[in-house]
Structure formats: C-alpha cells, structure tokens
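Colleague: Here it is, the structure in full.
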Amino acid sequence: MNERAEYEAYMRDEWLLFAGDISRQQESARVVADIEVQRVLDVGCGGGQEMIPFLTGGATCVGIDITHDSGLFAERMFTAHYPGQPAHFATAAAEQLPFTSAAFDVVLCRVAIPYTDNRAALSEIARVLRPDGVLLLKTHHLRYYIRKFTDGIRKRSPLFSLHALRVLVSGTIFHITGRQPRGGLLVRESFMTEWLLKQELPRAGLTLDGELPVSDPLAPSYRIVKRRASA
C-alpha cells in the first residue's frame, strides 16, 4: 500500500469511528450548547468527521486542510453518508484562512495546531471567529512526544525517536523564549501546554475557558472563547 492509500485508509477509519460514536458527537455539540451555532469551520479537517454533529444539527460547515486529497476524500464521504447537507471543503493553510472576519460561530482545530506557525494560526482563527464564538482546540502535549520518544526506543525505531526529540527541543525553546523555531536542525512542530496557551491566546483576543472533560492526557482538548471588544 502506497503512502497516499495508507493516509486515506487512516482517514476512513477515523471518519467511520467518529460517525458511529453517538456519545462523542453529543459531547461535541454539548460543549457549545450555550451559543447559537449556524456556521462552523474545521481547520486541518482531514476527513471532516468532527463536523458531523454540527451538520446534522442544521449548521453550515466548512472544512479546510493544507492537503488537497483530504478535501476530496471528505467530499466523497459526506456525499455518500450525508447527501444534500451543507458541507463544503477547500484547500488552505491555517495561517491564511480565505474567509471574511467574524464569519463563523464555532471553529474546530483538532491536532492541526502543532504543525502550524502557532501565533499566526491562532490569530487567523480569532479573526474569522465571531465575538463570543468558540474555538474547540485539541493539541499534542509534552507527554505525547515523550511517549513517542520512548516508543521509538522500545521499538528500535531511531528515526521515530529522533523526530520526537527534535520536537521536544523545539517546543522547549518556544516555551522558554516565546519564539517558535522555524527550520535548521530543529522543526516548527511544537507541543502545547496550558501554560503556553495562556501566554499565546490573549495576543489573539482569545480566552481559555477550560479543558474539556473528555480530554486525553497526551492530546488535551480545550474550549476557548473570543472576547468581545470593550466599549
């Protein structure tokens, strides 16, 4: 199986797993039940399955991913399982979203932020999110890459461990200096902690509202709110 086929098989498994888990869908809708949700954006959408509970709830949903094949796969899955529903897909980067300001009530970003310019991506997400809108963010914690590093050693996969080590170093530099490495021997990919979120979110006019109950210790999920501008 080639790399493209493997990626599509992975997306299909994830899509069907979420589509068949009603409790996960209900939890996604519950955490934004206090606001009116008509327009939803999924940043780094992959197959777009995280939009299902909002789509079935009557919202118009848009998924963007830097990988064009992801959008094509998502379109096929939604056409097959939710024909006629308002789900749309485009190829775009989180750092430069092709939407007008305040266009969405909810933004989803599930484990895409580690691979972006964090500051630029959060700024763009905040721009397209309406005042009092909600960002549901899932990211990789420090613990994720420590686990990946030790798994590489245990499985005798040195490249696996080397990548994790590079991210650990890059993420540590980001936490200490406030500057995300961008190349060279290091990588832009970074882990995120609640401490760093509390430093970065206010820059974009966002406020951490809390960690979600279903959060994974290796990949925690947060509810984040866009503050209204003071009069």
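Colleague: Take the residues in segment 1-21 that are farther than 20 Å from LEU212 by Cα and assigned to a loop (DSSP other than H, G, I, E, B), then tell me which one is modelled with the lowest pLDDT.
Modeller: Filtering first and then ranking leaves MET1.
Colleague: Mind telling me which of the residues ARG156, ARG110, ARG147 ends up being out of contact with any Lys or Arg (no Cβ under 7 Å at 6 or more places or on another chain) and at negative phi?
Modeller: Just one listed residue meets the conditions, ARG147.
Colleague: Take segment 181-227 and flag every residue that is under 16 Å from GLU124 (Cα atoms), touching a Gly at 6+ places or on another chain (Cβ under 9 Å) and either part of a loop (DSSP other than H, G, I, E, B) or among the aromatic types (Phe, Trp, Tyr) (or both).
Modeller: If the condition is that a residue be under 16 Å from GLU124 (Cα atoms), touching a Gly at 6+ places or on another chain (Cβ under 9 Å) and either part of a loop (DSSP other than H, G, I, E, B) or among the aromatic types (Phe, Trp, Tyr) (or both), then ARG227 is the only one that fits.
Colleague: Continuing with the same structure: What's the total number of residues in segment 22-70 that are outside any strand (DSSP E or B), of a type in the set (D, E, K, R) and buried (at least 16 other Cβ atoms within 10 Å of the Cβ)?
Modeller: Residues that pass the stated criteria total 2.
Colleague: Another question, then. Scan segment 164-174 residue by residue and report those that are free of Cβ contacts under 8 Å to residues at least 24 places away in the same chain and within 20 Å of the chain's Cα centre (by Cα).
Modeller: ALA164, SER170, listed by residue number.
Colleague: Anything in segment 139-168 that is under 14 Å from THR193 (Cβ atoms) and surrounded by 20 or more Cβ atoms within 10 Å (Cβ to Cβ)? List them, or say none.
Modeller: THR139, HIS140, HIS141, TYR144, TYR145, VAL167
Colleague: Follow-up. Among the residues of segment 71-129, which ones are part of a loop (DSSP other than H, G, I, E, B), within 13 Å of the chain's Cα centre (by Cα) and hydroxyl-bearing (Ser, Thr, Tyr)?
Modeller: Scanning segment 71-129 gives a single hit, THR116.
Colleague: If LYS198 satisfies every condition in (1) closer than 22 Å to ALA93 by Cα; (2) exposed (fewer than 14 other Cβ atoms within 10 Å of the Cβ); (3) touching a Leu at 6+ places or on another chain (Cβ under 7 Å); (4) of a type outside the set (Val, Ile, Thr) but one, which is the exception?
Modeller: (1)
The values are calculated or read from the model by the stated rules, or taken from the named source; none is laboratory data. Everything quoted here is computed from the prediction, not taken from an experiment. As a convention, Cβ positions derive from the backbone with ideal geometry for all residues, glycine included, and neighbour counts pool all protein chains shown.
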